[in-house]
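K.L.:
The structure under discussion is supplied below as structure tokens; questions concerning it will follow.
Each value in this text was obtained by applying a stated rule to the coordinates, not by laboratory testing. Everything numeric in this text was worked out from a predicted model, so none of it was measured. All Cβ positions, glycine included, derive from the backbone under ideal geometry; neighbour counts span all protein chains shown.
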Amino acid sequence: MKLLFDQNLAPRLANRLADLYPGSAHVQSLGLDMASDQAFWTFAQNNGFTILSKDEDFNDLSVMQGFPPKVIWLQLGNCTTDEIESALRTHHAEIESFMVDPNVGTFVLK
């Protein structure tokens, strides 16, 4: 499973989590850092990414447009990059289960 990290997340997360989420990328490294939410969504959909964001907007798109792409919505509040990495590692098994569930488009990580 490859994640597409939104602009509101540290670019280094893609490399730091490559052992669990190979092929992941940050929008900045793909030249999408100024893209609209819809363009970001379409890119993720066309390229097999799961969107990882702190923004509710992608959950809303999932409700309105369906999935893929799936969305991991981080609701961790104001936290460090280390805390985000730790949460994604700790909840990896749950995230994998979410990815294969055909009935769920958004995973809320608190």
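K.L.:
Take every Cα pair under 8 Å in the chain that's 6+ residues apart, average their separations, divide by the length, and report that relative contact order as a whole percent.
P.N.:
Dividing the mean separation by the residue count of the chain yields 26 percent.
K.L.:
Moving on to the next point. How many nm is it between the label spots at Met34 and Gln7, if each spot is 7 Å from the Cα in line with the beta carbon?
P.N.:
1.0
K.L.:
Moving on to the next point. So what are the ³J(HN,Hα) numbers for segment 10-18, from phi and the Karplus equation (6.51, -1.76, 1.60; θ = phi - 60°), rounded to whole Hz, Gly and Pro as x?
P.N.:
5, x, 5, 4, 4, 6, 5, 10, 4
K.L.:
Something else about it: What is the magnitude of the charge dipole of the chain about its Cα centre, with +1 placed on the Cβ of each Lys and Arg, -1 on the Cβ of each Asp and Glu, and no other charges, expressed in debye to the nearest 20?
P.N.:
Around 220 debye, computed over the chain.
K.L.:
Please give the contour-minus-distance gain from Asp60 to Asp19: 0.36 nm per residue of separation, less the Cα-Cα distance, rounded to one decimal in nm.
P.N.:
Numbers: separation 41, 0.36 × 41 = 14.76 nm, distance 2.96 nm.
Taking 0.36 nm per residue and subtracting the Cα distance, the gain is 11.8 nm.
K.L.:
If you build the convex hull over the alpha carbons only and average its shadow over all orientations, what do you get for the chain? Give it in nm² to one decimal.
P.N.:
Mean shadow area of the hull around the Cα atoms is 6.1 nm².
K.L.:
Still on this structure, please answer the following. Any idea which of Val108, Gly48, Leu74 is furthest toward the positive side of the dipole for the chain, if Lys and Arg beta-carbons carry +1 and Asp and Glu beta-carbons -1?
P.N.:
Projecting each Cα onto the dipole axis, the largest value belongs to Gly48.
K.L.:
Follow-up question, since we're still on this one. GNM, the chain, Cα, under 10 Å: largest mean-square fluctuation among Gly48, Gly66, Gly31?
P.N.:
Comparing Gly48, Gly66, Gly31 in a Gaussian network model of the chain, the most mobile one is Gly31.
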